[in-house]
Structure formats: structure tokens, C-alpha cells
Amino acid sequence: MSLLSKGSYGFCKKCQVEHSLAESERSRELALELIRSLDENQRIDFSSRTLDPAFSTSYLFGKARGQMFGVLVCEDSQGNEVVLKAFSCQYNSRWELESWAPPLLDLEVYNKIVPEADVQIKALSRKIDVLDKQSSKRLALLEERKRISQKLMKDIIDIYELHNFCGEVSSLPEALCDERGIPTGMGDCCAPKLLNWAAKRHLKPLALSEFFYGKENKSGSRQHKEFYSSCEEKCRPILGFMLCGIAVNE
Ligand SMILES: [Zn+2]
Ligand SMILES: [Zn+2]
């Protein structure tokens, strides 16, 4: 078994310090239990009453490859242990599954703006495909398609809402600790989903474990059943804000 990871950490602009949440023996043990459940059930909706083929783990061993899973150990106001779990991003195009952490974005708005933009983009692509490569009409349509997809990306960023343990709520751009810009999928990893859910439910996080499950990623940097710290690119710039107010490991 690999050593405990450093967990989640990030620089907080307000406090001017790094906030962190480490992995513990307990969170590792619960994560290994989740791995056993995934192995045995071969699906991620094992605690749901109705079974949906979209949630089979065979999805993680196909073209889509594996993804990250996370377990957050928390304590409620009475001191009882509460364990939250999450899958990163979407699972087979699904954002929601009972008993798993929900996304940080407003799903109702997302489900409206994404299909609308998709229809426009597909219609433009069909026109672009039949036009002569050098025609000015084609170049104009390419520009328009680019404009629509950039606008969609911006609109998606606007529908994220981040909660922390000081009771603060922030947008993605406001939560960033630096000027690096916002990569696609920021806020969709397990750590932000779990911390956001815990903050909204007034739970106190104690430890976090994140592991990869499924076919290794293309670069080979993520391996089946290996444990990792929260990612540098998408998580660290917002974790300072999200971890603010947890007051553990500081
Ligand atoms: Zn991440
Ligand atoms: Zn802070």
C-alpha cells in the first residue's frame, strides 16, 4: 500500500496562509472499503434501489478510462462520524447520483445552456463541412463557432458556487488564489465536491482520501487503485478558499 498522501491544500488569500486537510488512517481505511464495494458490485450505484446500467464500473475500463474517487471523513455537531463520497467530474455523462457528492454548478442552468449551445455548434459544423476550405464564408462561420463555444465556457464558469467553512460563498474567479485563469473542469474534482457538500451541511471535515479507479490515464500518471493528493492544476488554486475555516492540521 502506498504511504498516506499529503491530501488537500491551497493558499488562502484572506488569511495569507496555506490551509490543508491531510489524509488519515481512517479515511484510507474507508476509501479501501469503497474500493472493495466497487470491486464486488462492479457498479457505483450499489447503494441505490434502482440499478442504472450507466453506473457500471465497466465504463471506467473502456474508452473513457478511469477516474478519481474520494472519501471525506467528517464530524457533525454532535461529534458523530459522517462519511461523504464523490466521483470526479461526470460519471458517464451523469452529474448526479444518490448518496454521492453533487456538483458545484447549478445543474438546472447547465442542462439548459449546454444543449442550446450544442445545437448551434452542430448546425454551424454541418455548414462549415460543406464549404470550400478557403472561402470567406467558411472562415466567418468558424469564427462564430469559436465565439459560441467560448461564451459557453464562460457561462459555465459563472454557474459555480463555492462554499467554505467560514460560511462564505464565492464564484470560481473570486475563489482563485492567483491570476492563472480557470481550466475546464475546475471545481469538478472530488476534493472541491466533498468540501462544498460538507460546508453546506455544516459538517467538520477531518480527513480526505482520493484514489484513481479504472484503466490508467493516457499519460500513465494515474494508476488503478493508487492514492493521490488533490491536483495542482484544478484544485490547489481554489482549495485555499474552500478549506478556510476548517482549523485542522494548521
Ligand atoms: Zn483536482
Ligand atoms: Zn483562510
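Laboratory data are not the source of any read-out in this text; all were calculated from the coordinates shown. None of the values given here were measured: they were computed from a predicted structure. Here Cβ is always computed from backbone atoms with ideal geometry, including for glycine, and neighbour counts include all displayed protein chains.
Some observations on this one:
- Highest mean packing comes first when the peptides 20-31, 89-100, 127-138 are listed by Cβ atoms within 10 Å, giving 20-31, 89-100, 127-138.
- Scattering from segment 201-250 was approximated by placing one identical point on each alpha carbon and applying the Debye formula without solvent; log10 I(q)/I(0) at 0.14, 0.20, 0.30 1/Å stands at -0.50, -0.84, -1.20.
- Of 12, 125, 164, farthest towards positive along the dipole that unit charges on Lys, Arg, Asp, Glu beta carbons give the chain: 125
- Relative compactness, segment 43-181, computed as alpha-carbon Rg over 2.2 N^0.38 Å: 1.41
- Largest-first principal axis extents, alpha carbons of segment 146-204, Å: 43, 19, 16
- Using C-alpha pairs under 8 Å with a sequence gap of at least 6, the mean separation divided by the residue count of segment 106-159 gives a relative contact order of 49 percent.
- Part-to-part distance (alpha-carbon centres) for segment 224-242 and segment 131-190, which is given in Å: 20
- Other residues with beta-carbon under 14 Å from the beta-carbon of residue 122 carry, at +1 per Lys or Arg and -1 per Asp or Glu, a net charge of -1.
- Taking the chain and dividing mean pair separation by its residue count, relative contact order in percent (alpha carbons under 8 Å, at least six apart): 33
- The orientation-averaged projection of the convex hull spanning the C-alpha atoms of segment 106-159 amounts to 3.4 square nanometres.
- Length-normalised contact order for segment 156-250 - Cα pairs under 8 Å, 6+ apart - percent: 36
- Crossing angle, helix 25-41 versus the chain [Cα axis fit, 0-90 degrees, rounded to tens]: 60
- When the P(r) is computed for segment 1-107, the part past 18 Å accounts for 59% of the Cα-Cα pairs.
- Summed side-chain charge close to residue 222 - residues other than residue 222 whose Cβ falls under 12 Å, Lys, Arg +1, Asp, Glu -1: +1
- Here the chain is assigned +1 on the Cβ of each Lys and Arg and -1 on the Cβ of each Asp and Glu. Its dipole about the Cα centre then comes out at about 1060 debye.
- Relative counts (whole %) of C-alpha pair distances in the chain, using bins that are 5 Å wide: 1, 6, 12, 16, 17, 16, 13, 8, 5, 3, 2, 1, 0, 0
- Ellipticity estimate at 222 nm from DSSP helix runs (n ≥ 4, -39,500 (n - 2.57)) divided over the chain, nearest 500: -11000 deg cm²/dmol
- A cut-off under 13 angstrom between Cβ atoms defines the neighbours of residue 103, and their net charge, with Lys, Arg +1 and Asp, Glu -1, is -2.
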